[in-house]
Amino acid sequence: MRIGEIAAMVGMTTRAIRHYHHLGLLPEPVRRANGYRDYTLRDAVLLARIRRLTELGLGLDEVRDVVADDEGRELVDVLEELDADLGRQEALVKSRRARLAVLLEQARAGRLPAEGPVSPRLAEVFREMAGGPADASPMAAKDREVLALLDTVASDAERDRMMEALHTIARSPGAVERAHEVYGMLDALVDADPADPAVETAARGLAELIPDAAVAHLGREAGGAGSEGRFLDVFLADFAPAQGAAVARALRIVMERAR
């Protein structure tokens, strides 16, 4: 058989067969006088086996081990390893689908935040803080963006501490109204001078609202060395000068409080 004929027989492409030759999965057959490869039934059987193994999910290196048995691995060992790997993938897919189901429910009910998808706990915080002037506040929008970022990059322990603190703040009497007031103070600094006394007032108001856990991931000191310090520099550079000064001052107050 020529390569096109054996490819059609086993349901492969000629390109795949040539690739298997290149990898050493399939020995080169003898060639006819005209230079064409001459495949036999044994080659077709081997190709069919390679196809079955790859369809099960084995990588080509694993298929080579099974076919050549050059590492002494039994087929049952390879299949058991593959089964365990598929089990892990199945659990991951199940977890992702469960998370997606929650997001779909939120989206269909019109409760998915603009910054989403975020964790269910942060989505709940956003709902608790919604309403009033904060919905139109540029600083409130930035706050939600940063919280969504921390929700993604923080460790599980940091995220849990941060969410617990945010829930505590959001449910405290008058906290939502106070947050809206601070957002307004920060919005008003967009064209202010960083030396304006209103900067310190806004900073202290913001510091009262920032949970210690939210600051932990930004770095121990404003503008400090390392990736956390660089992140903080980028974070502060996103604000107008007076706003950035107020936020930096608030972070220093919180860091001092946390020591």
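The values are calculated or read from the model by the stated rules, or taken from the named source; none is laboratory data. Bear in mind that the values here come from a model prediction, so they are computed numbers and not experimental data. Please note: Cβ atoms are built from the backbone with ideal geometry, for glycine as well, and neighbour counts cover all protein chains shown. Quick note on the areas: whole protein, heavy atoms, side chains included, nothing else; ligands and nucleic acids left out. Shrake-Rupley method; radii C 1.70, N 1.55, O 1.52, S 1.80 Å.
Of TYR36, TYR183, which has the most accessible area with a 1.4 Å probe, and how do the rest follow in descending order?
On the way: TYR36 110, TYR183 30 Å².
Correct descending sequence by accessible area is TYR36, TYR183.
In a shell of Cβ-Cβ distance under 12 Å around SER172, excluding SER172 itself, what net charge do Lys and Arg (+1) and Asp and Glu (-1) give? Before the final figure, lay out the partial values.
Values: positive: ARG171, ARG178; negative: GLU128, GLU177, GLU208.
Result for the neighbourhood of SER172: -1.
Run the accessible area of region 1-100 with a 1.4 Å probe and give the carbon-and-sulfur part as a rounded percent. Could the numbers behind the result be given before it?
Values: 3590 of 6850 Å².
Exposed carbon and sulfur together represent 52 percent of the surface.
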Task: Rough spin-label spacing in nm, given labels placed 7 Å along Cα→Cβ, for ARG127 and ARG171 - done: 1.4
Open item on the list: At R0 = 45 Å, how high is the FRET efficiency between VAL153 and THR13 if r is their beta carbon distance? Nearest 0.05 is fine.
Closed with: 0.60
